[in-house]
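Okay, so here's the structure we're looking at.
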Amino acid sequence: MRDPTRTLVEPLLVLQGVTKRFDSLVALSDASLDIMPGEVHCILGENGAGKSTLCNLIFGVHVPDDGAMRFRGESYRPSGPSDALTSGIAMVHQHFSLVHDMTVVDNVILGQQSGFVKTGVWARRLERLANDYGFALDPYAKIEDLSVGERQRVEIVKCLIREPRLFLLDEPTAVLLPDEIAALLNVCRRVAESGCAVVLVTHKLAEIKKAADRVTVLRGGRVVARSDRPAEEIDALVRAMIQGDVKSLDKSAASALGVVEAGSDHAGQPAPTETPAQEAVQIDGLSVIDGQGVTRLDNFTLSIGPGEIVGVAGVEGNGQSELAAVLSGMAVSSRGRIFLGDIETTHLGPKEITAAGIGVVPEDRHTVGCVVEMSVAENMFLNRLEDFTSFGFLRRKELMQAARELMTRFDVRAVSPEVAFSALSGGNQQKAVLAREITLPKLLFLLAAQPTRGLDVGAVAAVYGHIRAACQDGAAVLLISSELDELIAVADRIVVLYRGRIMGSCAADPRERERIGAMMAGQAP
Amino acid sequence: MTDTMASVTKSLHGVLRPSVMISVAAVLAAALLGVALIFAMGVSVLDAVAAFVDGTIGTPYAVAASINRSIAFALVGIGFVIGNRANLVNVGGEGQIAMGGIAATAVALYGHVAGLPAGLPFLIPLLAAAIAGLLWASVAGVLKIKAGTNEVISTLLLSFIAVWFLYWCVQSPELLRKPMTSSATLPESLEIPDPTKLPLLTGDYSFPLHIGLPVTVIIAIIAAIVLAKTVFGLQLRAVGFNPIAASRAGISYSRMVLVSLAAAGALGGLAGGFMLLGDQYVLKDGFSSGYGFDGLVAGLLARGSVMGVIAAALLFGFLRSGGINMEMVAGVPTALVMVIQGLIVVTLAGAAFFIGGRRT
């Protein structure tokens, strides 16, 4: 199986039967793995498969309960990230740790040296490093002025400047533009060519095709598959990851994952052939100006017909959050009007908006979508608890019964409707929120913002299914997502937001991919 | 039926929970430390303990006085728990008591209520006290809703205003000071008329338990039921845990903040009313005597449980009575009782660390 040239090289990092438990949960079970110098090693798995735990064990954040690690032939037992760093292991986390009002070079210097700050020296080193790996980075730019992709580059440079032997990246592409993803994968390849080992954690198969030398697949905390020729064995890897057949995957889910190219047929969803007689939703010149006087959303005009799914593409932070907040009654617009059929909803509060028939799946599930400390049942009916009262008292049994029915219908898996919402996995939480919003007595308009973020494949397919079902029942759907593949797979047409304005719109067709990507980056169509 | 049986066994089980045991152990440990301190001060421990026991359960009068104290602590504590459900920290009990006391005195003395039938002579001043406390706390609620002012700051500062307003009331003859007949006239109000004084449960002044006790018990039960069984209680919790999600779900944040703070204020005001109409009869400077802060501590220690508030309030009520007697009889400074009370708070808070995040 193994490439004969590789067997001559000693593995850089070896994990032998490593196990990590959190209370009763076994996050990683008897995992064995070896990582060679100079390779890009992808760790593939769904959410909760143990990918992050694996990274955190290597980086010294957690201590394994069982098993051993060897790094460069010696026993490796880091007691914290600083041990890992001294040994030559660096990590880019999913969440950045940058000081926003400091410059790039100051952020890089932070924690690297003591004594005098030789900014100039560091800036030159930084530029040289960026050149070596083929990207540009202004050492004196302030972090707050950088795009997400550029910020990630700063994180990467922070690691590379230590000249690590092993470089860990935990889901690095989740926040990037299509072009930026390609650039990042390039950087990974270059780092590997310089002899450093790169461990790339991902759940996107397209990235594996492009960059991986070898792949290890995790499922339920166990290593379930390995491959030395991942590009050729992609189907087998997917099967291992989701424990099912690729063909049985929802087509949209599959294309959103990058398993197959998104097809022009929308998974059986007929595109509306004729213009509907009346628009279900009419958004007219909506603008949002924030407290600092910055225009966050600029003259957003859009109409959505009944049964139509319109996708909003764009890099995060280009007005999507403001659009969703205004549509869901959580913020007021500075200008513009919103109509739901004949009813104007522009100035209605959340309660009235819900009553009017607008369901909202918020982008930030934990802040806006649910109260994680409360029970599943309470969360599933949070917006209509009054339906379960007599004289102010809660009819708890009835609530539990209704919640149980809804949980069955939407496949929300929990021990009971009475457990805390926080005990549910991300996918089940999202299905529960979706269930609550989709089952509004008369749903006319569903606003779904980043509805599949952080979900595993099965849950993604379920979410798409429910969104489509709502749309077949005549609801208009606005799908806001930073995953272009998702929009192409699910939506009927796509509008692109850039700096709060609609840059352009087009059919949700895979052939438009590059044009949409360009619009997302700010080029007029 | 099975439900009630289940809940009875559940609550029995609750009494023996480790959290309860740990709390009891914490109180005992603090008491032992207190005894050690008394010993270190050179006071006879036996005398001090005897005085303490005498002052708490030695006479029927002592028991009644302790319980009457506990009533004020309990009401303020229950108010704290209600506000706390919405993640609000009402530290304004002291001011709410003062405003309640002022309102009760004013209405009892000058409201022409003494001649009314059927308990109205004391019920109307009590109602006035509750309303005064409610309005006072609502100021903090409105500030929070309109300007986002932190309620810890606003309720605390409102307390200072109320306490000085009380001072003004008893210093100024135009307000509540009794008519100045000589330069020796004390800065206090007239004594309230007899019909406005709270009726005693036994009718006997040697055991002066007043109707505040049953009223407080009923309020505690209602508060516990509203918090646990009603949609309002649920919505209050939702706002407390996650105001944004609650608001998206159509639960009005403003309404929840205002209602919970107003309820807490009303209970604080009622506590002031009970103290004045049931116990002190004359409005004086310093009439609230720190009860608002003791009630706040009772609420804090109870960690969200109304039953816990009752327990803590009784503990503090008896502790204070015993402390006063220790000072008078055994020469132990009241400050020491304050120290012991502080020790209890610290040990209980420490015990909470062992109990973990569990609610008692």
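Nothing in this text is a laboratory measurement; each read-out follows from the coordinates by a stated rule. These numbers come from a predicted model, not from an experiment. Neighbour counts run over all protein chains shown; Cβ positions are idealised from the backbone, glycine included.
The table for this structure:
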| quantity | calculated |
| --- | --- |
| Pairwise FRET efficiency - residue B:328 versus residue A:10, Cβ, R0 = 60 Å, nearest 0.05 | 0.10 |
| Normalised alpha carbon radius of gyration of the range A:377-427 [divisor 2.2 N^0.38 Å] | 1.14 |
| Dipole of the protein assembly as shown [Lys/Arg +1, Asp/Glu -1 at C-beta], most positive-end residue of A:236, A:195, B:289 | B:289 |
| The range A:12-72: Rg to Rh, with Rh as the Kirkwood radius over Cα pairs | 0.95 |
| Qualifying aspartates and glutamates (Cα of each under 18 Å from Cα of residue B:229; at least 8 residues distant if same chain) | A:373, A:378, A:386, A:387, A:398, A:418, B:3 |
| Alpha-carbon Debye profile of the range A:462-525, log10 I(q)/I(0) at 0.14, 0.18, 0.28 Å⁻¹ | -0.42, -0.65, -1.22 |
| Evaluated over the range B:49-201, the Cα radius of gyration and Dmax, each in Å | 18.1, 54 |
| Proxy reagent accessibility, fewest Cβ within 10 Å first, across A:290, B:194 | B:194, A:290 |
| All aspartates and glutamates inside 14 Å of residue A:204 as judged from Cα atoms, apart from same-chain residues fewer than 8 positions distant | A:46, A:170, A:171, A:235, A:261, A:456, A:483, A:485, A:486 |
| Kirkwood-based Rg to Rh ratio, the range A:350-504, C-alpha trace | 0.98 |
| Pairwise centroid distance, computed over Cα atoms, of the range B:255-297 with the range B:60-100, Å | 6 Å |
| Rg to Rh quotient for the range A:76-202, alpha carbon positions, Kirkwood Rh | 0.94 |
| Cα-based helix-to-principal-axis angle, A:178-193 vs chain A, degrees rounded to 10 | 10 degrees |
| Quotient of Cα Rg and 2.2 N^0.38 Å for the range A:287-335, N being how many residues it contains | 1.20 |
| For the protein assembly as shown, convex hull volume per residue from C-alpha positions, Å³ | 234 Å³ |
| Two-decimal ratio, chain A, of alpha-carbon radius of gyration to 2.2 N^0.38 Å | 1.03 |
| Label-to-label distance, nm, for residues given as residue A:442 and residue A:142 (7 Å Cα→Cβ offset) | 5.1 nm |
| log10 of Debye I(q)/I(0), alpha-carbon scatterers only, for chain B at 0.15 Å⁻¹ | -1.36 |
| Residue order, fewest to most beta carbons within 10 Å, for A:327, A:33 | A:33, A:327 |
| Taking the C-alpha atoms of the range B:49-117, convex hull volume expressed per residue in Å³ | 161 Å³ |
| Order of A:214, A:125, B:320 under a 10 Å beta carbon neighbour criterion, fewest first | A:125, A:214, B:320 |
| Projected-area average for the range B:113-191 over all orientations - Cα convex hull basis, square nanometres | 7.2 nm² |
| Local electrostatic count at residue B:73 - Lys and Arg +1, Asp and Glu -1, tallied over other residues with Cβ under 11 Å | +1 |
| Label-point gap, in nm, between residue A:66 and residue A:423 - each point 7 angstrom along Cα→Cβ | 2.6 nm |
| Convex hull of the range A:405-446 built on C-alpha atoms - directionally averaged projected area, nm² | 3.2 nm² |
| Test item: B:221-234 mean partner chain Cβ contacts at 10 Å | 3 |
| Lysines whose Cα lies under 24 Å from that of residue A:158, excluding same-chain neighbours fewer than 8 positions away | A:51, A:118, A:142 |
| Along chain A, longest interval not containing exposed chymotrypsin sites (Phe, Trp or Tyr not before Pro), exposed being DSSP loop plus at most 16 other Cβ atoms within 10 Å | A:141-390 |
| Calculated [θ] (222 nm, deg cm²/dmol) that DSSP helices of n ≥ 4 give over the protein assembly as shown, each run adding -39,500 (n - 2.57) | -15000 deg cm²/dmol |
| Check: the protein assembly as shown dipole with +1 on Lys, Arg Cβ and -1 on Asp, Glu Cβ, in debye | 940 debye |
| Mean Cα-pair separation over length for chain A, i.e. relative contact order, pairs under 8 Å, 6 or more apart, % | 15 percent |
| Packing rank of B:76-87, B:109-120, where each peptide gets the mean count of other beta carbons within 10 Å, highest leading | B:76-87, B:109-120 |
| Mean shadow area of the range B:151-278 over all directions, Cα convex hull, nm² | 11.5 nm² |
| Selection from A:419, A:518, A:452 lying farthest towards where the dipole of the range A:411-525 points positive, charges on Cβ | A:518 |
| Test item: B:245-257 mean partner chain Cβ contacts at 10 Å | 6 |
| Cα-based equivalent ellipsoid, the range A:98-163: semi-axes from gyration tensor eigenvalues, Å | 16, 15, 10 |
